[in-house]
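See structure below.
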Amino acid sequence: MKSAIGTSPVAPRSDGMPNVPLGITCPEAEQKGIRHMSIYKAYRPTHTASPNKRKRRSFSFVFIRSLLIAAAITLAFNTMFGIAIVSGSSMEPALYEGDVIVFRKLSGSYERGEIVLIKTDGREDYVKRICALPGETIAIDDDSGAFLTNGKILYEPYIYEKTYSKQEIGYPLSLSPDEYFVMGDHRSDSRDSRNYGSVTEGQIDGTAIIIIRKGF
């Protein structure tokens with residue numbers, strides 16, 4: 001005699017997972033006091049990551065993202081800005097040896113009185129101040145120690161001594177449309193445009209925007 005086998009009702013699930021049969025019933029099982037015979041294993045999704053794996057993946061993502069952000073910030077800073085350390089006393093009292101300068105690159109235009117970093121003579125950057133602009137004619141009166149632009153004495157509140165010429169450069173000197181005349185504030189202890197002549201815009205690395213005193 002063959003026994004009839006029927007499936008038990010499918011229990012609804014509240015966790016959103018697929019419904020699966022809970023078991024089967026048969027007359028023989030009921031006679032033996034067994035009401036349900038479970039023949040299906042509980043559903044366990046194999047694609048769900050363990051908590052530890054999720055934490056590791058989350059940490060890796062945050063770490064990689066942080067590295068990328070740091071690299072982008074560094075690249076942007078190095079493209080637009082630079083850092084230099086003052087060496088020597090040629091810019092005293094505005095700058096002293098060991099001071100740190102943050103300068104802006106790619107300025108494009110420069111004003112009189114700005115502190116700039118320039119390259120000349122194949123040496124490292126000089127830190128100097130722009131004293132004359134493109135198109136101006138400059139002269140130095142060694143009798144009075146005055147610096148003149150277009151025949152007028154230039155007012156320079158940042159220096160504390162007179163300006164005298166040096167043998168390397170003759171005056172009057174006319175600047176071309178892309179030339180600047182630069183000098184150090186400590187005129188008696190500065191190697192500047194009085195030694196190596198005017199500098200072009202292409203020789204200027206940038207303009208000082210922040211000065212951090214040594215030991216601050």
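Only the coordinates and a few stated rules stand behind these numbers; no lab work does. Just so it is clear, the model here is predicted, and its values are computed rather than measured. All Cβ positions, glycine included, derive from the backbone under ideal geometry; neighbour counts span all protein chains shown.
One table, with the values for the structure above:
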| read-out | value |
| --- | --- |
| Debye log10 I(q)/I(0) for region 86-212, one point scatterer per Cα, at q = 0.09, 0.10, 0.16 Å⁻¹ | -0.22, -0.28, -0.74 |
| Exposure proxy order (Cβ contacts within 10 Å, fewest to most) of Phe81, Phe147 | Phe81, Phe147 |
| Tyr155-Arg213 pseudo-label distance in nm [points 7 Å out on the Cα-to-Cβ vector] | 2.7 nm |
| Leu173, Leu75, Leu95, Leu133 arranged by Cβ crowding within 10 Å, fewest neighbours leading | Leu75, Leu133, Leu173, Leu95 |
| Cα-Cα separations in region 162-216 greater than 18 Å, expressed as whole percent | 46 percent |
| FRET efficiency estimate (nearest 0.05) - Cβ-Cβ, Val100 to Leu75, R0 22 angstrom | 0.55 |
| Extreme residue, positive dipole direction of region 86-212, given options Ser87, Val100, Tyr110 (C-beta unit charges) | Tyr110 |
| Ranking of Glu114, Glu201, Glu161 by count of other Cβ atoms within 10 Å, fewest first | Glu161, Glu201, Glu114 |
| Among the listed pairs Lys166/Lys214; Lys105/Lys166; Lys128/Lys152; Lys152/Lys214; Lys105/Lys152, those beyond 26 Å (Cα-Cα) | Lys166/Lys214; Lys105/Lys166; Lys152/Lys214; Lys105/Lys152 |
